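Trainee: The structure that follows is given in the form of structure tokens.
Read-outs: derived from the displayed coordinates by stated rules, not from any lab. Just so you know, these numbers come straight off a predicted model, no measurement behind them. Every residue, glycine among them, receives a Cβ derived from its backbone with ideal geometry; neighbour counts consider all protein chains shown.
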Amino acid sequence: MYRIKSLSLASRLFLSHLVVMVVGVASLVVMSRIFSPQFFVLHLQHLESRGMRLVGIRGELVQGFELAWRRSTFWSVLVGATTAGGLSWWVCQRILQRLSEMEKITQEFAAGKFDTRLPPSDIPEFRQLSYSFNRMADSIQNIESRRRDLISDMSHELRTPLTVMRGYLEELADGNQEPNPQIYIQLIRETKRLERLVNDLQELSKAEAGYLPIQAKPINLQPLLVSLVIKFREQLLEDGPTLELQSPGNLPVVMADIDRVEQILINLIGNAIRYTPAGKIIVSAHRDKNYLWITIEDTGIGIAADDLPHVFERFWRADKSRDRNFGGTGIGLAITKCLVELQGGKIEVESQLNVGSKFRFCLPLA
């Protein structure tokens, strides 16, 4: 039993084919050896019943038949066994060749060559296996690429506030700069930026991994929309944009997490205010089949058409310096997208440069 378990796949395949062949040939030989002479004798008796005299030569006929049967059986077994053995060897080698290719490619993939893929096979099972492996490889390569991008982006984002803080602290330590409230305010501002970045990264990581808790229940979003619009309107400057709410008073109830929806709205309305120096921002809501759509539309600086596919990516900026000037971390929209999708909705964006942007998301009705 131990020897069988230690055999290679090629040996097992060949052995299984050999066993099948031996059983088949043995069954053929035994059955023909038992029944063929009896059938031949019966045939002779049938001929005698029709008037043919075979009594004197019956024994010679039977002996001749048995000799012919033995010879034909020998050559049949020899040719059949050789053919079956050769065919079994060819099939085993064909299967093992594909498995060897897979082993080589998986080893390359494990060594870090994430662009390695399995070629298609004419064997349906191997073709399906190649397809599944390549899908897995695409997913892992995408994850690895995002991991590298995240490390690069984090290093880039952390470098700016750390450089500013280090510069001020070195100046203070060397005595080249007298302590004053402005320096402390700047250090506090950079510290808050680091804190906000770390918190956003932690939340984004949880959201993308599906670990962010969502306490979905039937809620009416009308009071939340009213309160947020009033809250943000009080923070707007006199020469800034106007903020309006256009929503019917009888909004349908949605199945969502009220805290996460508030976070989504704060991100979207905050972005609209940040990038709309003057003009108008409109928050609206309407029902569409099984969803409630909420739209935040502004007349701000807008987004170029080439940049629209990237707005929900981590650390994406159409202008690499504008979020630093306005205090953003560059991952608010990525968090927003994850929060919407975790609640069974989706988010869309339309924008035109120097005209304005329209962000809208939907939540399922209760």
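Trainee: In debye to the nearest 20, how big a dipole does segment 102-222 give about its Cα centre with +1 on each Lys and Arg Cβ and -1 on each Asp and Glu Cβ?
Mentor: 400
Trainee: Take Leu162 and Thr82, extend 7 Å from each Cα along the Cα→Cβ direction, and tell me the distance between the two endpoints in nm.
Mentor: If labels sit at Leu162 and Thr82, their model points lie 7.6 nm apart.
Trainee: Can you tell me the dipole magnitude for segment 147-209 around its Cα centre, using point charges on the Cβ only (Lys, Arg +1; Asp, Glu -1), in Debye to the nearest 20?
Mentor: Around 200 debye, computed over segment 147-209.
Trainee: Using a 10 Å cut-off around each Cβ, can you sort Trp90, Trp69 from fewest to most neighbouring Cβ atoms?
Mentor: Listed from fewest to most nearby Cβ atoms, that is Trp90, Trp69.
Trainee: Provide Rg and Dmax in Å for segment 217-364, with only Cα atoms included in the calculation.
Mentor: So, for segment 217-364, Rg and Dmax equal 14.7, 42 Å respectively.
Trainee: Shifting gears a bit: What is the mean projected area of the alpha carbon convex hull for segment 186-264, to one decimal in square nanometres?
Mentor: Dividing the Cα hull surface by four gives the mean projection, 7.6 nm².
Trainee: I would also like to ask the following. I want the local charge near Ser100. Using Cβ-Cβ distances under 14 Å, sum +1 for each Lys or Arg and -1 for each Asp or Glu among the other residues.
Mentor: Within the 14 Å Cβ shell, the charges total 0.
Trainee: Could you put Asp138, Asp153 in order, starting from the residue whose Cβ has the fewest other Cβ atoms within 10 Å?
Mentor: Ranked by crowding around the Cβ, least crowded first: Asp138, Asp153.
Trainee: How would you rank Cys338, Cys92, going from fewest to most other Cβ atoms within 10 Å of each one's own Cβ?
Mentor: Cys92, Cys338
Trainee: Sticking with this structure for a sec: Please figure out what share of the DSSP beta bridges in segment 217-364 is antiparallel and state it in percent, rounded to the nearest 5.
Mentor: Of the beta bridges lying entirely in segment 217-364, close to 85 percent run antiparallel.
Trainee: OK, next. Let me check I have the definition right: for segment 71-221, take the eigenvalues of the Cα gyration tensor, multiply each by 5, take square roots. What are those semi-axes in whole Å, largest first?
Mentor: The equivalent ellipsoid of segment 71-221 has semi-axes of 66, 22, 8 Å.
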